[in-house]
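The values are calculated or read from the model by the stated rules, or taken from the named source; none is laboratory data. Please read these numbers as outputs of a predicted model, since none were measured by experiment. Backbone-built Cβ (ideal geometry, glycine too); neighbour counts: all protein chains shown. Side chains included, ligands, DNA and RNA excluded: accessible areas come from the protein's heavy atoms. Shrake-Rupley method; radii C 1.70, N 1.55, O 1.52, S 1.80 Å.
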Amino acid sequence: MSDIPTVFPDCYVCGADNPAGLHVSFSRGPEGESRAEYVARAEHVGWPELIHGGLLFTLLDEAVAWAVMYAGHRGVTAKAEVRYRAPARVGMRLQ
């Protein structure tokens, strides 16, 4: 896994150097899973006080990408389907 980078400075989700980015830091959990925390911000709403579903999917997609990388692989999303169970509101701490 040494040839797989662990820092992506311009990434919209995890990049520290992207001024428009979310700046979410991912880490490897004890089972090899990816872990991160994001506090839902007002500038990411769709409906009033509800975080836009597209942004939530972006966070999920990034989490899967990091899990794949932690497993020693590379990949991109080819197909996805998501069913949200509850809305995410401004100020919620999502893990």
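Table for the structure above
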item: Derived scalar couplings ³J(HN,Hα) [segment 50-55; Karplus, 6.51 cos²θ - 1.76 cosθ + 1.60; whole Hz; x for Gly, Pro]; result: 10, 5, 4, x, x, 5
item: Where GluC sites (Glu not before Pro) fall in DSSP loop in segment 29-89, at most 16 other Cβ within 10 Å; result: Glu31, Glu33, Glu37, Glu49, Glu81
item: Mean residue ellipticity (222 nm) of the chain, computed from DSSP H runs ≥ 4 via -39,500 (n - 2.57), nearest 500; result: -6500 deg cm²/dmol
item: Cα Rg, Dmax (largest Cα-Cα span) when computed across segment 7-95, Å; result: 13.3, 40
item: Built amide H within the under 5 Å cut-off of Val45, gap 5+; result: His52
item: Solvent exposure of the chain as accessible area per residue, Å², 1.4 Å probe; result: 72 Å²
item: Residue among Tyr70, Tyr38, Tyr84 with the largest mean-square fluctuation in a Gaussian network model of the chain, springs linking Cα atoms under 10 Å; result: Tyr84
item: Loop-exposed trypsin sites (Lys or Arg not before Pro) per DSSP, neighbour cap 16 Cβ within 10 angstrom, longest uninterrupted part of the chain; result: 1-40
item: Candidates Val45, Val64, Val76, ranked by Gaussian network fluctuation over the chain, Cα under 10 Å, top entry; result: Val76
item: Cα-projected label distance for Ala78 with Val39, points at 7 Å along beta-carbon direction, nm; result: 4.0 nm
